[in-house]
Each structure stands twice: as structure tokens, then as C-alpha cells.
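Peer 1: Would you mind keeping the following structure in view while I ask a few things?
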Amino acid sequence: STMRERKTTDPLHSSTDLSEGKEKLRLKQEVGLISGVSLIAGTMIGSGIFMSPEWVLHHMGNPASSLLIWAACGLLATFGALSYAELGTIIKESGGEYIYILRIFGSFPAFLFAYTSVILVRPAGLAAVCLSFAEYAIAPFYPGCSSPQVAVKCTAAACILILTIINCLNVRLATSVMNIFTAAKLLALLVIVVGGLVLLANGRTQSFQNGFQGTTAGIGAVGVAFYQGLWSYDGWNNLNYVTEELKKPEVTLPRALMIAIPLVTCLYLLVNVSYLAAMTPSELLSSGAVAVTWGDKVLGSWAWLISLSVALSTFGSSNGTFFSGGRVCYIAAREGHMPDILSMAHVRRLTPSPALLFTSAMSLIMIISGSFTSIVNFFSFMAWLFYGMTISGLLYLKIKKPELPRSYKVPIIIPIIVLMAAVYLVLAPIIDQPQTEILYIVLFIFSGVIFYFPLVHFKYHPRFLQRVTLHLQLLLEVAPTTRDAN
């Protein structure tokens, strides 16, 4: 059938061992502390720190308040990650928000998350990263002016197609690309940090004088500034997607989070200070590619190194997004919430090519129809809607199910703060500056009802869908996976 029958397990009510269901799938536990820290930091450091600073400054109005937003985003990401760490030690399954929503709230909200994530959220994230890659890749060809949007979008589309080919061909090739490009992004950030410290030592502090003058007070503007900042921290929850592969998850998960996220926060703050030491606020706001402008001012004839490093960094992040993107697809299909074809793998290459091709197609549509800043805002709106739902699930477990075994407990005030922040981030832009696009997103999320009740709840499987699945299997040379190949 096109939609698999959902396993009827409810670990929250039938057993205190939430990691066990009817299907006892156990992945190899090979991710240790260092690998966990690398996975979080490597995913978080992507395009955002090279693209978002100008937009945070634009919405906040001055350097000092924009730095406060960056620090607050780091603190919020840390609190969110600590809350997820407790969830990960109660529900020891991979899948992140999807599996937590499924086990706590049930099938329907979990389906809405999977439906939205696979069709909108993940493709939107990939599109935004590829657009930032394109900005930096072609910036050296247009010195002193903004790059044409047609050239940017064509380059971003080419990036997606190359990534699709790499990830469909070979898993080892994809992981090698990810490792090489992680080194490039760290090198680029360290160069910017050291350059900024040298500028500050030489007295370049003009941008920080009267730092709070002209601060924006609107709740909507602050919410959108948070969206742009939090985009740079996105990935703080990635370790929860591979909980089944962690060595001693009850220890590794919270420790890796407490090392990686404060480290990235400090790095981001230093990079922002470096940008402001090299440029005036007006120069930063007029820059289409902040790090390239910084390189022109500080490195002179060596500025091309920054463009190259940032392009490599964002390409690597795109690859990481692509590489990990199949996890929710696979687990949702395992639970009967997604079409079988999205959980199948190529019979020889053992890559999840149908899911990759689908994500690629949706990302190309978003690149054609949107810009970096609009895609990030809508991505953040959807992401924090489901983050808030997941955190409310943790609060439910802490209050109603305190007897469940958990090796790590976060103080209840922390998930409460995260939930309040999530509610603010979802509602503030709607209240302050309502946009019809957000209404369309909400309507899209609830349009999942049309598919859920006939295909999942009533298990209606039309014959034509079965024929379509069969033809796609033959065309793509894919087959169902009974166990995770990794």
C-alpha cells in the first residue's frame, strides 16, 4: 500500500520504557561526545552568520541592541536545547519533534508536523542556505554593487542540483564533502574574529558609540529580528534527530549541547563585533554580502579568500541539510504518515533518492518564488510553531507524568521561558504587521486534514496511488527498507 499502517503503540500510556514500541528498531550507537558537538556546531554554523547581521541591525535600528538580540538568540537556543535534552532521555527514539509530538499528543498533530516539515520547512531551509551560497559565490563578479537576482537564483538552483547528484550517488561522498566544508567555515569565522580584534585594538570603536540610539521598540520588528538571528542558530535540535545513534544518550546529549551552543554563541558575538568594527552601521545595512564587504575593507587584495571560504561554508551547510533531511521522512513513513516512496532507497547505491529528489524539487520552487529574508521569516514562523508544541509536551510530561524514568531533568522554568518565547515569536509579527503569506502558511498546515483522515485514519489506499508508487519504484530503481541501512 502507498501509506503504511501505523504501528499501534502508545509508549506514554502502555509502558514506562518510551524507547520501545512494537517494532524494535535499534540503530548502531556510534555518535560520541566529540561527534555530537561537531554535528551541532557544524549544522548551526552555516549561512546565517554571513547573511543575517544586516537584517537584525535593520530591524533593531542600532548596533548595541542588535548584539543583544544575538546574545538572546544564543540563550534561547541553549534553553530550547536543554529542554529537548530531557525529552531525548525520556523518549529515546530518533526523529526529533516528530517523534515527541507523536508519542505525547498522538497521530494527528504528528502527521501535520511531518506534512509541513517535508513539504515546506526543510525545503525552505535548504533554499535559504543555497540563496546565501549564491550571493557569496557571485559577489566577486559584481564588485561595488548588488548582484542581479536572476544570477543569484540561477546559481542557487545549480547548487541544489549539484547537491542532489552528490547525495543520490554516494553516502560516503556526501559525508566527505561535509567534513571538508566544515573546516572551511571555521577558518572563515576565525579570520573574521582575529581581524576584528586587531581593528578594536587599533581604536576602531566608532560604531559602538551611542550604541542604543534609535532602538526599534515595535514588538513585530523585534520578533522579525529574532527570526533572522535564530536562523543562524538553527540546528541546535539536530542531535535529537539521531538519539538512537548516540553512545549513552542520557549523558552525551546534554553535555554535547552545553559545549556546542555556548561556543557558537560566543563565536557569533565576536564575528558581529568584527563586522561593526570594520563597517559603519549604514555600510553594513547597504551590503548584500556582509563578510565580502568586511574582506574588502580589512584584507584588501586577499578579500577573495573570504568570498571563497563563505561560499564553501554555505555549500557545506546545504549538503548537511540535504544529508540529514531524510530522517523525518523515513521515520514518518515507518509510522504510516508519509508515502512509502519517500522512505525507499536506491537498490545499489543505498541512498534515499526519492526523498532527496522531492526535497530538491520543492526547494527549487521556493528559490524561484522567494527571497532570502522572506524565506527565513516564514521558515522561522513554522519552526517555532512546532518548537512551541514540542516544549508544551515536555511541560505536560513534567506535570502529569513525573514518574517516567529520566536521567536528566531541566528546571521547569527553562521550558516555560522557551514556550513563552515561542508564543511571542509566532504571534508578534501577526499582531504587529499581519501578512497574508502567514495566513497561507496556517491554511497549508491545516490542509493536511484533507490527506490525514482518508489516507492515515481510515487507511484508504486508492489503487492509482499504488500504481504510481510501483512505476516510480521501477523508474528510480528503489525498494522499501525494512531496517535503517545506517
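The values are calculated or read from the model by the stated rules, or taken from the named source; none is laboratory data. As the structure is a prediction and not an experimental result, all values here were calculated from the model. Virtual Cβ from ideal backbone geometry, glycine too; neighbours counted across all protein chains shown. The protein model used for the area step is the full one, side chains on, heavy atoms only, and it has no ligands, DNA or RNA in it. Shrake-Rupley method; radii C 1.70, N 1.55, O 1.52, S 1.80 Å.
Peer 1: I need the full set of residues from segment 466-486 which are open to solvent by less than 50 Å² (accessible area, probe 1.4 Å), among the hydrophobic types (A, V, I, L, M, F, W, C) and touching a Leu at 6+ places or on another chain (Cβ under 9 Å), in order please.
Peer 2: The answer is 476, 478.
Peer 1: Next question, about the same structure. Specify which of the listed residues (445, 412, 441, 416) is at pLDDT 90 or above and either open to solvent by less than 70 Å² (accessible area, probe 1.4 Å) or in contact with a Phe, Trp or Tyr (Cβ under 9 Å, 6 or more places away or on another chain) (or both).
Peer 2: After ruling out the rest, the residue left standing is 416.
Peer 1: Would you check if there is a residue in segment 448-462 being modelled with pLDDT of 80 or more and under 23 Å from the mean Cα position of the chain (by Cα)?
Peer 2: yes
Peer 1: Give the number of residues within segment 19-78 that are assigned to a loop (DSSP other than H, G, I, E, B), modelled with pLDDT of 80 or more and either of a type in the set (S, T, N, Q) or over 30 Å from residue 221 (Cβ atoms) (or both).
Peer 2: Counting residues in segment 19-78 that are assigned to a loop (DSSP other than H, G, I, E, B), modelled with pLDDT of 80 or more and either of a type in the set (S, T, N, Q) or over 30 Å from residue 221 (Cβ atoms) (or both) gives 1.
Peer 1: For segment 391-478, list the helices (runs of 4 or more DSSP H) that sit wholly inside it and hold at least 1 residues that are out of contact with any strand residue (DSSP E or B) (no Cβ under 7 Å at 6 or more places or on another chain) and of a type in the set (Lys, Arg); which are they?
Peer 2: 463-476
Peer 1: If we scan segment 380-392, do we find a residue that is farther than 23 Å from residue 159 by Cβ, open to solvent by 20 Å² or more (accessible area, probe 1.4 Å), free of Cβ contacts under 8 Å to residues at least 40 places away in the same chain and over 15 Å from the mean Cα position of the chain (by Cα)?
Peer 2: There is at least one residue in segment 380-392 that is farther than 23 Å from residue 159 by Cβ, open to solvent by 20 Å² or more (accessible area, probe 1.4 Å), free of Cβ contacts under 8 Å to residues at least 40 places away in the same chain and over 15 Å from the mean Cα position of the chain (by Cα).
Peer 1: Could you tell me whether segment 260-267 includes any residue that is surrounded by fewer than 22 Cβ atoms within 10 Å (Cβ to Cβ), over 28 Å from residue 332 (Cα atoms) and under 17 Å from the mean Cα position of the chain (by Cα)?
Peer 2: Yes, segment 260-267 has at least one match.
Peer 1: In the set 370, 295, which member is surrounded by fewer than 22 Cβ atoms within 10 Å (Cβ to Cβ) and farther than 17 Å from residue 232 by Cβ?
Peer 2: 370
Peer 1: In segment 168-211, which residues are open to solvent by 20 Å² or more (accessible area, probe 1.4 Å), among the basic types (Lys, Arg) and modelled with pLDDT of 75 or more?
Peer 2: 204
Peer 1: Give segment 238-259 a look and list any residue that's polar (S, T, N, Q) and surrounded by fewer than 24 Cβ atoms within 10 Å (Cβ to Cβ), or say none.
Peer 2: Those that are polar (S, T, N, Q) and surrounded by fewer than 24 Cβ atoms within 10 Å (Cβ to Cβ): 238, 252.
Peer 1: Could I ask something else about it? I'd like to verify a number: residues in segment 343-359 that are within 20 Å of the chain's Cα centre (by Cα) and surrounded by 23 or more Cβ atoms within 10 Å (Cβ to Cβ), how many?
Peer 2: 4
Peer 1: For segment 268-292, what are the residues that are surrounded by 24 or more Cβ atoms within 10 Å (Cβ to Cβ) and polar (S, T, N, Q)?
Peer 2: Of everything in segment 268-292, those that are surrounded by 24 or more Cβ atoms within 10 Å (Cβ to Cβ) and polar (S, T, N, Q) turn out to be 272, 274.
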